[in-house]
Amino acid sequence: MELATPGLLLRPWRRQDAPEVFDALREPQIALWNPQGDVPNLAAAEEWIRRRADPTSGAVSYAVTDQTGLVGSVALRRSGAECASVGCWTVPAARGRGIATQAVSRLVEWGFAEDGLHRIELCHAVGNVASCRIAERVAFTLEGVLRESYRYGDGRLHDEHLHARLATDPRPA
């Protein structure tokens, strides 16, 4: 299944994405805020793609592409019958263009309309200002701080902001 939004296509991962995934996961900001474990070579990047394409994983994960190629990743992982969490990253060349906001918004709308979700959460390290902006732009409510709740790529436990949106919340303007 593919999801379109103006200028972007959210599509299933493909094995041929491995070189771009390999480069992306080594980029310092992606490695810090989206730790994926060790991806030392193309074979490991192919395995990363295979895991994301696995329909039994409890998640839907998409390559975010535009006319230039791969610009990011967005995923929705179920945490219960009607609940899920969303996460994303963008390659450096794509940052600051609203791509992550647009991709998250499209996947969240699909989750509510087509996948039967009622609640979607977005957690991020308190220091990750870009992710906080995405949550705000997609009309997620900041519900609080989870103290030292997740070990990020620097090996430290970070406090996280917990944002959530309900299917019954007003859609973003």
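The values are calculated or read from the model by the stated rules, or taken from the named source; none is laboratory data. Keep in mind that what you see is a predicted model, and the values were worked out from it rather than measured. Cβ coordinates were reconstructed from backbone atoms using ideal geometry, including for glycine residues, and neighbour counts include every protein chain displayed.
Quick rundown of the values:
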read-out: Contacts under 6 angstrom Cβ, first residue in region 116-145 being of a type in the set (Gly, Ala, Ser), partner assigned to a loop (DSSP other than H, G, I, E, B) and surrounded by fewer than 19 Cβ atoms within 10 Å (Cβ to Cβ), 6 or more apart; value: ALA125/TYR152; ALA139/PRO172
read-out: Residue match in region 88-95 (condition: under 19 Å from PRO35 (Cα atoms) and of a type in the set (Phe, Trp, Tyr)); value: yes
read-out: Matching residues, region 65-87, being hydrophobic (A, V, I, L, M, F, W, C) and within 20 Å of GLN36 (Cα to Cα); value: LEU70, VAL71, VAL74, ALA75, LEU76, ALA84, VAL86
read-out: Matching residues in region 146-157 - criterion: being in a strand (DSSP E or B) and in contact (Cβ under 8 Å) with a residue 24 or more places away in the chain; value: SER149, TYR150, ARG151
read-out: Enumeration of residues in region 118-173 that are touching an Asp or Glu at 6+ places or on another chain (Cβ under 8 Å), closer than 24 Å to GLN102 by Cα and among the hydroxyl-bearing types (Ser, Thr, Tyr); value: THR141
read-out: Tally, over region 58-81, of residues that are surrounded by fewer than 16 Cβ atoms within 10 Å (Cβ to Cβ) and over 19 Å from HIS124 (Cβ atoms); value: 7
read-out: Close pairs from region 81-107: first closer than 15 Å to LEU10 by Cβ, partner among the aromatic types (Phe, Trp, Tyr) and modelled with pLDDT under 95, Cβ under 8 Å, at least 6 apart; value: TRP89/TRP33
read-out: Filtered residue count, region 111-141, keeping only those that are under 14 Å from the mean Cα position of the chain (by Cα) and assigned to a helix (DSSP H, G or I); value: 7
read-out: Selection count, region 158-173, where residues are in contact with a Phe, Trp or Tyr (Cβ under 7 Å, 6 or more places away or on another chain) and in a strand (DSSP E or B); value: 5
read-out: Looking only at region 24-51, and only at residues there that are acidic (Asp, Glu) and either on the phi > 0 side of the Ramachandran plot or free of Cβ contacts under 8 Å to residues at least 24 places away in the same chain (or both), the one that is surrounded by the fewest Cβ atoms within 10 Å (Cβ to Cβ); value: ASP38
